[in-house]
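A.B. asks: Have a look at the structure that comes next, please.
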Amino acid sequence: MNHSQAPAGNGGPANVVDVEEQLSWTSGSVLMKTQCADSSCQRHFLRKDLAIGILFQNPGSEVNWRLDSKPALAKAWTSTMGSHDLVVLPPGCEFRANCRGSGQGLWLFIDPQSVLDDHRVKSFAERATVDCSWTKDRLAWTVVSEIRKECANGFPRGPMFLENTATMFLTELAYFLEDGGSRFEPIRALDDTKLRMVVEYIETNLHRNITLTELSGLVELTPRYFCGAFKQAMGRPPHQFQIEQRIERAKTLLHEPRLSLIDIALTVGFNSQSHLNDYFRRVVGVTPARYRAEMRPGKTTPPNKPSS
């Protein structure tokens, strides 16, 4: 996980900074760059993985960009990019942009080997694409909004959530831009043996930021199919189940008075006490401190979750 600030870039005032939020997992990463104030800068990408970029620019800002495809694609674009425009860069494409003003760019970088199981997604990932219609797909827009929120909040749900949402977005985008059709084939729930194996692995590794690739490898499924199969069996996606199990473990540890709240947070896999507080309150209805106080000697029942 990366949080950094840097000078805005070539031509920008010295006191203007960019803010970067970045998180990686086994088969990809997410990068959100925010240009905080009016300035001029340059961006340049030339990568070996699949890159998907979305621009969120403020009024009055302008991005002039050029995309040079690898020779097999024999295509290049030069244009002005508008807010919410999306660009897909297959491995080997080169992207350059001159930015003026303020705004935000969200980039997803995906290992192309991770999309080979779906022929339509594979085909999509091999073509350079520039698009402004994707926002009409409600699911795609919702997923991107969640990714931006996760980046802005410091990635409290960890890499498994980002891997899940990035995979979902890529699949949804590929199917929507090709024919607007359904993006997921029917998925069967994990059988009891595989489900037990995955659940035990999650519970044993609550302190770690495990990934979908790691979990799907246990049962020899692709990450995308595994996520759907787990949800079919459990009624919720893997990252949500992981958070719930972290909260259950935290409730047990709160009975140990020698443990501080930050110790408990780190033990169960949250990267700060504030993240523990946020998710504990969301799941249990009270803060960890109040829960601990209500469970002190002499109390026989845990605190009730306040009615909404």
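The values are calculated or read from the model by the stated rules, or taken from the named source; none is laboratory data. Values in this document were obtained by computation on a predicted structure and should not be read as measured data. With ideal geometry, Cβ positions are generated from the backbone for all residues, glycine too; neighbour counts draw on all protein chains shown.
A.B. asks: Checking THR167 against (1) in a helix (DSSP H, G or I); (2) surrounded by fewer than 22 Cβ atoms within 10 Å (Cβ to Cβ); (3) in contact with a Pro (Cβ under 8 Å, 6 or more places away or on another chain): exactly one of these is not met. Which one?
C.D. replies: (2)
A.B. asks: Here's another thing I want to ask about it. Would you check if there is a residue in region 249-264 being within 17 Å of the chain's Cα centre (by Cα) and not assigned by TED's automatic domain parsing to the domain that holds MET160?
C.D. replies: So far as region 249-264 goes, no, none of its residues is within 17 Å of the chain's Cα centre (by Cα) and not assigned by TED's automatic domain parsing to the domain that holds MET160.
A.B. asks: Further, regarding this structure: Could you check, for region 104-112, whether at least one of its residues is in a loop (DSSP other than H, G, I, E, B), within 26 Å of ARG208 (Cβ to Cβ) and either hydrophobic (A, V, I, L, M, F, W, C) or not assigned by TED's automatic domain parsing to the domain that holds ASN58 (or both)?
C.D. replies: No, region 104-112 has no match at all.
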